[in-house]
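> Just dropping this structure here.
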């Protein structure tokens, strides 16, 4: 397989539904596979759903090493361009770095989105060990991946086993930029986070909620999942709560 051939199961998805759209983002080193169950549930609820493959993901870690946060944002903007001609309202949601990208997009383009739903999103890593490595010229070019933090033993995430150090640096920058954009978010925001998360510190839930500028900010704890919650034990709860939140806005 060459560096740009998409791994089987990692393909993006687009489900045509009503004129209410939902842009769905997977996370760091992951693929749309981790969001497909969620995306299908949103589609069954009637919505048009776009789940892009972020550039450099779903192919190889070497391919990811050639990409930046700007590229990942660009992948979401391309999917947004698919939704805009057919949707009167557009919501955005994502897992992990996809949750961070959800907040970035909602803050960068506050007039575009009707609501934002970050799941296990991150604006602060709180990892001294990682911080010590990302700018160290002696650090190895690839580090162990962060995928498959899942409580359900029968669920598997399609994710890289390793990730480029350069991509971790980009993720740090994305976190910091997103944190500073949070006061610009004006759309209603539903923040969900696993109470036990071995990748992103759950303190991010309160940190995000305290900075988002929207008048309506809801928080929900996920009690029976680890980091990859969209394919873990709380996956149905996430789908139900996201649909409830979207309906409360779209049906007005």
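The values are calculated or read from the model by the stated rules, or taken from the named source; none is laboratory data. This structure is a prediction, so every number in the text was calculated from the model and none was measured. Virtual Cβ from ideal backbone geometry, glycine too; neighbours counted across all protein chains shown.
> Take the residues in the range 74-100 that are in a helix (DSSP H, G or I) and without any contact (Cβ under 8 Å) to a residue 60 or more places away in the chain; name whichever of them is farthest from residue 43 (Cα to Cα).
If we take residues in the range 74-100 being in a helix (DSSP H, G or I) and without any contact (Cβ under 8 Å) to a residue 60 or more places away in the chain, then 74 is farthest from residue 43 (Cα to Cα).
> Is it the case that the range 189-205 has a residue that's in contact with a strand residue (DSSP E or B) (Cβ under 6 Å, 6 or more places away or on another chain), surrounded by fewer than 19 Cβ atoms within 10 Å (Cβ to Cβ) and farther than 19 Å from residue 230 by Cβ?
Within the range 189-205, none of the residues are in contact with a strand residue (DSSP E or B) (Cβ under 6 Å, 6 or more places away or on another chain), surrounded by fewer than 19 Cβ atoms within 10 Å (Cβ to Cβ) and farther than 19 Å from residue 230 by Cβ.
> Give me a count of the residues in the range 68-100 that are in contact with a helix residue (DSSP H, G or I) (Cβ under 7 Å, 6 or more places away or on another chain) and farther than 24 Å from residue 217 by Cβ.
3
> Determine, yes or no, whether residue 30 is modelled with pLDDT of 95 or more, assigned to a loop (DSSP other than H, G, I, E, B), at negative phi and buried (at least 24 other Cβ atoms within 10 Å of the Cβ).
yes
> Give 46, 21 a once-over and let me know the one that is part of a strand (DSSP E or B) and farther than 20 Å from residue 232 by Cβ.
That would be 21, the only listed residue that is part of a strand (DSSP E or B) and farther than 20 Å from residue 232 by Cβ.
> With respect to residue 140, determine if the residue is surrounded by fewer than 19 Cβ atoms within 10 Å (Cβ to Cβ), modelled with pLDDT under 95 and either over 26 Å from residue 204 (Cα atoms) or in contact with a strand residue (DSSP E or B) (Cβ under 8 Å, 6 or more places away or on another chain) (or both).
yes
> Name every residue in the range 101-117 that is touching a helix residue (DSSP H, G or I) at 6+ places or on another chain (Cβ under 7 Å) and either assigned to a helix (DSSP H, G or I) or more than 16 Å from residue 182 (Cβ to Cβ) (or both), in order of residue number.
Those that are touching a helix residue (DSSP H, G or I) at 6+ places or on another chain (Cβ under 7 Å) and either assigned to a helix (DSSP H, G or I) or more than 16 Å from residue 182 (Cβ to Cβ) (or both): 101, 103, 104, 105, 107, 108, 114.
> Keeping to the range 194-215, report how many residues are more than 18 Å from residue 147 (Cβ to Cβ), touching a helix residue (DSSP H, G or I) at 6+ places or on another chain (Cβ under 7 Å) and not in a helix (DSSP H, G or I).
2
> Taking the condition of being farther than 18 Å from residue 148 by Cβ, touching a residue at least 60 places away in the same chain (Cβ under 8 Å) and out of contact with any strand residue (DSSP E or B) (no Cβ under 8 Å at 6 or more places or on another chain), how many residues in the range 22-61 meet it?
3
> Within the range 218-243, can you find the residues that are assigned to a helix (DSSP H, G or I), touching a strand residue (DSSP E or B) at 6+ places or on another chain (Cβ under 6 Å) and within 13 Å of residue 195 (Cβ to Cβ)?
229 - this is the single residue of the range 218-243 that is assigned to a helix (DSSP H, G or I), touching a strand residue (DSSP E or B) at 6+ places or on another chain (Cβ under 6 Å) and within 13 Å of residue 195 (Cβ to Cβ).
> If a residue must be assigned to a loop (DSSP other than H, G, I, E, B), surrounded by 15 or more Cβ atoms within 10 Å (Cβ to Cβ) and in contact with a strand residue (DSSP E or B) (Cβ under 8 Å, 6 or more places away or on another chain), how many such residues does the range 143-163 contain?
2
> Exactly one of these conditions fails for residue 246: (1) out of contact with any strand residue (DSSP E or B) (no Cβ under 8 Å at 6 or more places or on another chain); (2) buried (at least 17 other Cβ atoms within 10 Å of the Cβ); (3) under 13 Å from residue 42 (Cα atoms). Give me its number.
Exception for residue 246: condition (1).
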